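> Dumping the structure here so I can ask a few things about it.
The values are calculated or read from the model by the stated rules, or taken from the named source; none is laboratory data. Predicted, not measured: the structure shown is a model, and the values here were computed from it. A quick note on method: Cβ atoms are made from the backbone with ideal geometry, for glycine too, and the neighbour counts reach across all protein chains shown. Just the protein is used for accessible areas: all its heavy atoms, side chains included, with ligands, DNA and RNA removed. Shrake-Rupley method; radii C 1.70, N 1.55, O 1.52, S 1.80 Å.
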Amino acid sequence: MIMVLLVSLITLFLIGVPVAIALGLSTSLAMMVAGDISLLTLAQRAFVSLDSFPLLAIPLFILAGVIMEYGGISQRLINLANALTGHLTGGLAVVTIVTTMFFAAISGSSVAATAALGAILIPAMITRGYDKEFAGGVQAVSGTLGIIMPPSIPLILYGTAVGASIGDLFIAGMVPGIIIGIGLIITVYILSKKRNYSKEEKKSGKEIGVAFVKAIPAIIMPVIILGGIYTGLFTATEAAGVAVAYAFIVGVFVYRAINISTFKTILSQASITTSTIMLILATAGLFSWILTIENVPQQVAGIITSISENPFIFLGIVVLLLLLVGMFMETNASIIILAPILVPVASELGIDPVHFGIVMIVTLAIGMVTPPLGLNLFVVSKIGKLRMDKLTISLIPLYIAVLICLLIITFIPSITTTVVQWMK
């Protein structure tokens, strides 16, 4: 049954079948081969995979992110970041990273952050003399912060899949996100200095103040969301509802960028994105269920522990595995399938599930900028009209920077666990 499941899944991936459909078809075929499992179970287990209160946070955060995208929030954040860091060498590239860090704390989605900000910042960098592949690469890699920094949709999925506290995961994701952001800023600064890229005129104190005041409604949003979760005022799911309400109020009454026509577009875009993710979750849940009833997690645990019971060696193996998986599989599906398999092994070796979750998410985030299935690469190549091969080559220095940050985060667990313990 497992052989049929894996062979059919790999075959469907190779011929270009979408992830959700490939997972559903391979699962159905495996059930038919087994014979003792009714296909009626397919629909039942798919429903069970989605029947979770924490998962309600996903469509709500998606809706909040789209509202903020169309509500004028992106431009305000860009203006503030430009006022603060635009005067540095390669200032606009630094602005891209800083703005994406702000936006990541709102959208919870890598692709959303890349698309919303890239449409503005990539053409702006090209106009100011930046190499177009460099401009696209900076935005693509910065966009990965959208699923590392809270509120992150993949962190919600991981917490739901393994029973970890979503609030703790959100807390743990802050410092790694900042570390990666700083690593990217340093790398971009060095490259910009070497290539003699331009910098913006330094803003006066008054101009910085004006940009800050205009961006206050945007800055307050993650404070309300994360502050409410950390203080126990509301759960992650309730925080998502608060985010939607707040985003709507800001977009309509403060920035006045949303009207009836815009709101229809917002609902349509959010519905399509939500449907895509939920279909993946339903079929990935089926796939994970078959792996569980066939005792695959226990078999994998046995194989890994037979190699070594050293937790650091295990983490190294997992990082290499996830880097490979991230190149070929969508992030959300990877989490739903692999987390229930790997987390029990990690726990058995004494690795904190929250720390392990951050390692998983950061590693899989790199998959969003590695071909052939790097979603962020497709987004920026479309925006900047870039060739994928040239874009990928230009990313090598940024890949190195992110990988160094990943190793630091992976092998120094206190980076994630200390903050969680301190917040408690």
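> Take the conditions of a type outside the set (A, V, I, L, M, F, W, C), open to solvent by less than 20 Å² (accessible area, probe 1.4 Å) and more than 16 Å from A215 (Cβ to Cβ) and apply them to G90. Does it pass? Outline the logic, then answer.
Details: of a type outside the set (A, V, I, L, M, F, W, C): yes; open to solvent by less than 20 Å² (accessible area, probe 1.4 Å): yes; more than 16 Å from A215 (Cβ to Cβ): yes.
Yes: the conditions hold for G90.
> Next up: When segment 250-270 is examined, which residues are found to be assigned to a helix (DSSP H, G or I), more than 26 Å from the chain's Cα centre (by Cα) and of a type outside the set (S, T, N, Q)? Outline the logic, then answer.
Of segment 250-270, the ones assigned to a helix (DSSP H, G or I) are 250-254, 260-270.
Filter once more, so that each one left must be more than 26 Å from the chain's Cα centre (by Cα): 252-254, 260-261.
Once the filter is applied, which keeps residues that are assigned to a helix (DSSP H, G or I), more than 26 Å from the chain's Cα centre (by Cα) and of a type outside the set (S, T, N, Q), segment 250-270 yields V252, F253, V254, I260.
> Any residue in segment 352-363 that is open to solvent by 50 Å² or more (accessible area, probe 1.4 Å) and modelled with pLDDT under 90?
No, segment 352-363 contains no residue that is open to solvent by 50 Å² or more (accessible area, probe 1.4 Å) and modelled with pLDDT under 90.
> Moving to a separate point now. Output the residue which, of all residues in segment 22-74 that are outside any helix (DSSP H, G or I) and farther than 20 Å from T274 by Cβ, is most open to solvent (accessible area, probe 1.4 Å). Working first, answer last.
Kept after step one, since they are outside any helix (DSSP H, G or I), are these residues of segment 22-74: 35-39, 51-53, 71-72.
Right, trim to farther than 20 Å from T274 by Cβ and you get 35-39, 72.
Details: G35: 61, D36: 130, I37: 30, S38: 67, L39: 85, G72: 17 Å².
Taking the candidates together, the pick is D36.
Each row is one residue, and each column tells you yes or no for (1) at negative phi; (2) hydrophobic (A, V, I, L, M, F, W, C); (3) in contact (Cβ under 8 Å) with a residue 60 or more places away in the chain; (4) out of contact with any Ser or Thr (no Cβ under 7 Å at 6 or more places or on another chain).
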| position | (1), (2), (3), (4) |
| --- | --- |
| A346 | yes, yes, no, yes |
| I358 | yes, yes, yes, no |
| L364 | yes, yes, yes, no |
| T370 | yes, no, no, yes |
| T392 | yes, no, no, yes |
| I404 | yes, yes, yes, yes |
| V420 | yes, yes, yes, yes |
| M423 | yes, yes, yes, yes |
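> Does A247 satisfy the condition of being modelled with pLDDT of 85 or more, more than 18 Å from the chain's Cα centre (by Cα), among the small types (G, A, S) and buried (at least 18 other Cβ atoms within 10 Å of the Cβ)? If you could, list the steps in order and put the result at the bottom.
Details: modelled with pLDDT of 85 or more: yes; more than 18 Å from the chain's Cα centre (by Cα): yes; among the small types (G, A, S): yes; buried (at least 18 other Cβ atoms within 10 Å of the Cβ): yes.
Here the answer is yes, as A247 does meet what is asked.
> Pull up segment 62-88, narrow it to residues that are of a type in the set (S, T, Y) and over 14 Å from G146 (Cβ atoms), then point me to the one that is nearest to the chain's Cα centre (by Cα).
Taking segment 62-88 first, the residues of a type in the set (S, T, Y) are 70, 74, 85.
Keeping just the survivors that are over 14 Å from G146 (Cβ atoms) gives 70, 85.
Details: Y70: 20, T85: 24 Å.
This residue is Y70.
> Next question, about the same structure. From the list G163, G129, G146, G167, which residue is on the phi > 0 side of the Ramachandran plot, in contact with a Ser or Thr (Cβ under 8 Å, 6 or more places away or on another chain) and at pLDDT below 90? Let's see the steps before the verdict.
On the way: G163 fails: in contact with a Ser or Thr (Cβ under 8 Å, 6 or more places away or on another chain); G146 fails: on the phi > 0 side of the Ramachandran plot; G167 fails: on the phi > 0 side of the Ramachandran plot.
Testing whether each residue is on the phi > 0 side of the Ramachandran plot, in contact with a Ser or Thr (Cβ under 8 Å, 6 or more places away or on another chain) and at pLDDT below 90 leaves just G129.
> If only one of T273, T262 is farther than 30 Å from S49 by Cα and among the polar types (S, T, N, Q), which one is it?
Values: T273 fails: farther than 30 Å from S49 by Cα.
Only one candidate passes the filter, namely T262.
> Is it the case that segment 219-237 has a residue that's over 30 Å from I126 (Cβ atoms), modelled with pLDDT of 85 or more and not hydrophobic (A, V, I, L, M, F, W, C)?
Looking through segment 219-237, none of the residues is over 30 Å from I126 (Cβ atoms), modelled with pLDDT of 85 or more and not hydrophobic (A, V, I, L, M, F, W, C).
> Which residue is farthest from Y197 (Cα to Cα), if the candidates are limited to segment 112-129 and must be in a helix (DSSP H, G or I) and open to solvent by 50 Å² or more (accessible area, probe 1.4 Å)?
A119
> Among the helices (runs of 4 or more DSSP H) lying completely within segment 336-424, list those that include at least 1 residues that are in contact with a Cys (Cβ under 6 Å, 6 or more places away or on another chain) and of a type in the set (S, T, Y). If you could, list the steps in order and put the result at the bottom.
Values: elements: 353-366, 375-384, 388-394, 396-411, 414-423.
Helices (runs of 4 or more DSSP H) meeting the threshold: none at all.
> If you don't mind, another one. Restricting to segment 163-187, what's the tally of residues that are surrounded by fewer than 20 Cβ atoms within 10 Å (Cβ to Cβ) and under 25 Å from L50 (Cα atoms)?
So the count comes out to 2.
> Inspect all residues belonging to segment 192-215 and state whether any of them is touching a residue at least 60 places away in the same chain (Cβ under 8 Å) and within 25 Å of the chain's Cα centre (by Cα).
There is at least one residue in segment 192-215 that is touching a residue at least 60 places away in the same chain (Cβ under 8 Å) and within 25 Å of the chain's Cα centre (by Cα).
> Further, regarding this structure: So, of the residues in segment 372-424 that are in contact with a Phe, Trp or Tyr (Cβ under 8 Å, 6 or more places away or on another chain), open to solvent by 40 Å² or more (accessible area, probe 1.4 Å) and not aliphatic (A, V, I, L, M), which turns out to be modelled with the lowest pLDDT?
P372
> It is to be established whether one or more residues within segment 195-204 are at pLDDT 90 or above and either open to solvent by less than 10 Å² (accessible area, probe 1.4 Å) or in a helix (DSSP H, G or I) (or both).
There is no residue in segment 195-204 that is at pLDDT 90 or above and either open to solvent by less than 10 Å² (accessible area, probe 1.4 Å) or in a helix (DSSP H, G or I) (or both).
> Please state which one of I280, I208 is modelled with pLDDT of 80 or more and either polar (S, T, N, Q) or in a helix (DSSP H, G or I) (or both).
Values: I280 fails: modelled with pLDDT of 80 or more.
None of the others qualify; the one that does is I208.
> I'm told V19 meets every condition in (1) open to solvent by 20 Å² or more (accessible area, probe 1.4 Å); (2) within 24 Å of the chain's Cα centre (by Cα); (3) under 30 Å from L191 (Cα atoms) except one. Can you identify the failing condition by its number?
Condition (3) is where V19 drops out.
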